[in-house]
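In what follows, a single structure is set out as structure tokens and then discussed.
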Amino acid sequence: MSDVEHVLAAHSELGEGPVWSEDEQLLYWVDIRGNSYSRYNPISGAHEDIHVGAAIGVLALRASGGLVMAAREGFAFWDPGKQELRYVARPEGHASYMRFNDGAVDPGGRFWAGSMTDEDDGARPEGVLYRFDPDGSLHAMETGLHTPNGIGWSPDHHTMYFTDSTPRTIYAYDYDLATGNIANRRVFVQCPDEGWVPDGLAVDSEGYIWSACWDGAKIIRYAPDGTIERVVQVPALRTTSCVFGGPNLDELYITSAWTGLSEQQKEQYPLSGDLFRLKTNVRGQPKHKFGA
């Protein structure tokens, strides 16, 4: 565990969806259970929690300024100056027991986010992977999901990776940059049944996939052919996601959660819910901004 640095006692109940802002040199992430998002400055150490009044599954930066979020009822814009959440798209048939969980902006500026039943085990396969386009249109791209999670794109923009945690599967798709369409779903990695599941992910500039392991206390780096290149131990049982940041995009920031842990697990992993960093020998890819 010596390679991983504990950088912030964030105490996030369900920290998720980290995003690095190159313009600001700041890290953003959400606390789904806390109805909030956080902002952290690695240079000054300044840390701020901003409550929005609704569960946020994931957020992203907007090209026009501010943030776009997949919140409790649908997709919304957040103006930090006004401290206001404004819904701009609500999926049809989105039940009250559903919430959004994770997502990302694709290379074409479209915002992807998955919905799931608001249960820790993701037992009911009612989740949907949505694509929210800059023109305001909303598209259901996949259905019948359990726990939609990490999503990312290869450096050549030809492949999209997407995680459904409960079946322990990371999928790969053919991705069309011009249209945002996906096709030819296949299993990229089928994780073993060892008590942990794949969660959020990041794709680096070499096309390798870094996958956080919920209940696994680790990050796994997969080669483009699905083989394991390295395993990085993290001092938090429920690692949730990761993103490359720093001035050179070679620092992997890792979020975690303490939700659902027993008292014994909390004693064993007292840093659960905190923020970690791994200085790597590879660069990540810049986070894309939503195109509106």
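The values are calculated or read from the model by the stated rules, or taken from the named source; none is laboratory data. Quick caveat, the model's predicted, so the values are computed rather than measured. No Cβ is skipped: glycine too gets one built from the backbone with ideal geometry, and neighbour counts run over all protein chains shown.
Looking for something without any contact (Cβ under 8 Å) to a residue 60 or more places away in the chain and in contact with a Gly (Cβ under 6 Å, 6 or more places away or on another chain) - is there at least one such residue anywhere in the range 200-207? So far as the range 200-207 goes, yes, one or more of its residues are without any contact (Cβ under 8 Å) to a residue 60 or more places away in the chain and in contact with a Gly (Cβ under 6 Å, 6 or more places away or on another chain). If you go through the range 73-123 and pick out every residue that is assigned to a loop (DSSP other than H, G, I, E, B) and surrounded by 15 or more Cβ atoms within 10 Å (Cβ to Cβ), you end up with 11. Note on the range 153-176: among residues that are touching a Ser or Thr at 6+ places or on another chain (Cβ under 6 Å) and closer than 17 Å to Thr227 by Cα, the one that is surrounded by the fewest Cβ atoms within 10 Å (Cβ to Cβ) is Ala172.
Within the range 124-133, the only residue that satisfies the criterion of being touching a Gly at 6+ places or on another chain (Cβ under 8 Å), closer than 23 Å to Trp196 by Cβ and part of a loop (DSSP other than H, G, I, E, B) is Pro125. When the criteria are applied in full, Glu126 meets the requirement of being over 20 Å from Ala292 (Cα atoms) and either in contact with a helix residue (DSSP H, G or I) (Cβ under 9 Å, 6 or more places away or on another chain) or not hydrophobic (A, V, I, L, M, F, W, C) (or both).
On the basis of being of a type in the set (Lys, Arg) and either touching a residue at least 40 places away in the same chain (Cβ under 8 Å) or within 24 Å of Val243 (Cβ to Cβ) (or both), does Arg186 make the cut?
Considered against the rule, which asks whether it is of a type in the set (Lys, Arg) and either touching a residue at least 40 places away in the same chain (Cβ under 8 Å) or within 24 Å of Val243 (Cβ to Cβ) (or both), Arg186 comes out as no.
Would you check which residues across the range 225-271 are polar (S, T, N, Q), in contact with a strand residue (DSSP E or B) (Cβ under 8 Å, 6 or more places away or on another chain) and within 21 Å of Pro42 (Cβ to Cβ) and list them?
Initial filter on the range 225-271 (polar (S, T, N, Q)): 227, 233, 239-241, 248, 255-256, 259, 262, 264-265, 268.
This time we only want the ones that are in contact with a strand residue (DSSP E or B) (Cβ under 8 Å, 6 or more places away or on another chain), so: 233, 239-241, 255-256, 259.
Scanning the range 225-271 gives Thr239, Thr240, Ser241, Thr255, Ser256.
Would you say Tyr97 is at pLDDT 95 or above and either more than 20 Å from the chain's Cα centre (by Cα) or under 30 Å from Ser154 (Cβ atoms) (or both)?
no
Taking the conditions (1) aromatic (Phe, Trp, Tyr); (2) within 23 Å of Gly180 (Cβ to Cβ); (3) under 13 Å from the mean Cα position of the chain (by Cα) in turn, Tyr28 satisfies each one other than (2). Comparison of Gly136, Gly144 shows that the only residue that is surrounded by fewer than 20 Cβ atoms within 10 Å (Cβ to Cβ), in a loop (DSSP other than H, G, I, E, B) and not polar (S, T, N, Q) is Gly136. Pairing each residue of the range 132-149 that is under 14 Å from Asn181 (Cα atoms) with any residue that is of a type in the set (Lys, Arg) and not in a loop (DSSP other than H, G, I, E, B), provided the two are 6+ apart or on different chains, yields C-beta distances under 6 Å for His139/Arg131; Met141/Arg131.
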